[in-house]
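The values are calculated or read from the model by the stated rules, or taken from the named source; none is laboratory data. Here the structure is a predicted model, which means the values were calculated and not measured. We place every Cβ from the backbone using ideal geometry, glycine too, and count neighbours over all the protein chains shown.
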Amino acid sequence: MTDPFCGLLIEKLPNLRRYALSLCRSGDQADDLVQTTVERALKARASFDPASRIEAWLFRILRNAWIDIVRKNRVRGQELD
């Protein structure tokens with residue numbers, strides 16, 4: 001039997017990848033962002049409110065992960081493509 005939360009998460013993977021590609025414009029980096037998003041979502045699943053939209057919650061996690069990468073690269077002095 002599949003966990004409903006994981007089923008919703010799997011269903012949203014294509015949308016997450018498209019959003020990640022729109023942010024970073026790199027397929028490899030987009031895949032890494034989606035993986036980070038899934039990891040963070042699974043760790044924080046207890047904080048997810050089922051009355052809200054899971055897609056909005058996942059997109060926020062992904063965006064925050066992207067911001068973390070941008071900040072980390074700025075500190076290192078690297079430019080992003």
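Of these, Arg25, Arg76, Arg18, Arg60, which one is at positive phi and exposed (fewer than 14 other Cβ atoms within 10 Å of the Cβ)? Of the residues listed, the single one that is at positive phi and exposed (fewer than 14 other Cβ atoms within 10 Å of the Cβ) is Arg25. The number of residues in segment 35-63 being touching a residue at least 24 places away in the same chain (Cβ under 8 Å) and not hydrophobic (A, V, I, L, M, F, W, C) comes to 6.
For every residue, the table says whether it meets (1) modelled with pLDDT of 95 or more; (2) within 28 Å of Pro4 (Cβ to Cβ); (3) hydroxyl-bearing (Ser, Thr, Tyr).
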| position | (1), (2), (3) |
| --- | --- |
| Asp31 | yes, yes, no |
| Val34 | yes, yes, no |
| Trp57 | yes, yes, no |
| Ile61 | yes, yes, no |
| Ile67 | yes, no, no |
| Arg71 | no, no, no |
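This table checks each residue for (1) surrounded by 11 or more Cβ atoms within 10 Å (Cβ to Cβ); (2) assigned to a loop (DSSP other than H, G, I, E, B); (3) within 9 Å of the chain's Cα centre (by Cα).
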| site | (1), (2), (3) |
| --- | --- |
| Gln35 | yes, no, yes |
| Pro50 | no, yes, no |
| Glu55 | yes, no, no |
| Ala65 | yes, no, yes |
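Filtered by the rule that a residue be surrounded by 14 or more Cβ atoms within 10 Å (Cβ to Cβ) and not aromatic (Phe, Trp, Tyr), segment 1-14 gives Leu8, Leu9, Lys12.
Restricting the first member to segment 13-24 and to residues that are free of Cβ contacts under 8 Å to residues at least 12 places away in the same chain and of a type in the set (A, V, I, L, M), and the second to residues that are assigned to a helix (DSSP H, G or I) and surrounded by 19 or more Cβ atoms within 10 Å (Cβ to Cβ), the beta-carbon pairs closer than 6 Å and six or more apart or on different chains are Leu21/Ala30.
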